[in-house]
1. Mind checking segment 164-194 for trypsin sites (Lys or Arg not before Pro) that DSSP puts in a loop (not H, G, I, E or B) and that have at most 11 other Cβ atoms within 10 Å?
2. Roughly how large, in nm² to one decimal, is the mean projection of the convex hull of the alpha-carbon atoms in segment 93-149?
3. With each label point set 7 Å from Cα along the Cα-Cβ vector, what nm distance links Leu19 and Leu116?
4. Would you please give the FRET efficiency between Leu232 and Asp29, computed as 1/(1 + (r/R0)^6) with r the Cβ-Cβ distance and R0 = 25 Å, to the nearest 0.05?
5. Give me Rg/Rg_expected for segment 22-153, where Rg uses Cα atoms only and Rg_expected = 2.2 N^0.38 Å with N residues.
6. On a full-extension model of 0.36 nm per residue, what is the gain between Leu38 and Leu89, subtracting their alpha-carbon distance, rounded to one decimal in nm?
7. Between Phe294 and Phe258, what is the label-to-label distance in nm when each label sits 7 Å out along the Cα-to-Cβ direction?
8. In a solvent-free Debye calculation with one equal scatterer on each Cα, what is log10 I(q)/I(0) for segment 173-244 at q = 0.20 Å⁻¹, listed in the order of the q values?
Amino acid sequence: MSARTRRGLIALAPVVLLLVLLAAFTLMDPRIATPVNLRNIVLQAVPVALLALSAYVVLVTAGIDLSAGYAVGLAGVVMAGLLTGGSGLPAALLGGLAAAAAVGLVNGVLIGLAGLPPFVATLGTMTIVQGLTMFAAPQGLMVVDDPFLTWLGQGTIAGLPVPVLAVAAVSAAVWFLMRRTRFGLRTYAYGSDQAASRLTGVRTGPQMVAVYLLAGVLVFGSALLLVAQVPLVQPNMGGIPLLLDAIAAAVLGGTSIFGGRGSVGGVLVGVLIIGLVTNALQILGVDPSAIDLFKGLIIVAALVLDVGLRTLHTRAVKAAA
């Protein structure tokens, strides 16, 4: 099998899995495939989609961002606090963006310039961000009421949901950045072979700062859509569950945990897979803890497959040499 054919099959695998799961769940309960329910799956997946794109950008470098889930909560709490305090929407959006971007910037500096391993660095910032979020929202629950956010979360344009259009626009921008710019090419190169990228003149430190800063901006987008859809803001609105869904979606979509491989389209398909599984198991009446177990098994299977694909690729390279 040629390398090109193998890449094509890998790219199609998430789509095939999505269709197989949809067919299987529909046989169990026809309600799952109704237009109304499929629309609900897509809308519920919207915040996860942008966080999954954030995970994808980082995973391409063979890194990880454990703080992203809690950074969603921090950005949401900052936006809600400024809005309820009377600061106005522009100030609230800037505040939320600054909070999420700051987390990304700190991660980038620790990893790219200080040389800390991504797992260690983001584990530390995760704990800090969690504490900051609780400190920023001592009252616990905040109710956000803003016409623009209501439109962003529930409005339509030409019959299409605004949040879905927003995700499509951001996804297109991320695709262009990762596939048609030097930044994206250098990011893939770094994930494929860090030593080789350094030898070609890539300033890997600043590159990592830029990657994690971009991830922080995408985290803000996830928080914004989450607040727009669910105007009841609380410190635990993000956290580990949202992060695991995002990472699982990225990996299921073909993004390698070893870096150097992944696509925006694959990530979006992975998001739909996670959304479909969650929704279908809820309709089927499965216990919430069992849903987490099932999603965990899917993540493990995807990771095992990723390891297998990496092994096959390494063998193919050695055989060609």
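1. In loop regions of segment 164-194 (DSSP not H, G, I, E or B), the sparsely surrounded trypsin sites (Lys or Arg not before Pro) are Arg180.
2. On the way: hull surface 19.7 nm².
Hull-based average projected area comes out at 4.9 nm².
3. Result for the modelled spin labels: 4.5 nm.
4. Efficiency at R0 = 25 Å is approximately 0.30.
5. Expressed relative to 2.2 N^0.38 Å, the Cα Rg reads 1.29.
6. Difference between extended and current length: 15.2 nm.
7. In this crude label model, Phe294 to Phe258 measures out at 3.1 nm.
8. So the normalised log intensities are -0.87.
Computed from the coordinates by the stated procedures, all read-outs in this text should not be read as laboratory data. Note that the structure is predicted; figures quoted are calculated from it, not measured. All Cβ positions, glycine included, derive from the backbone under ideal geometry; neighbour counts span all protein chains shown.
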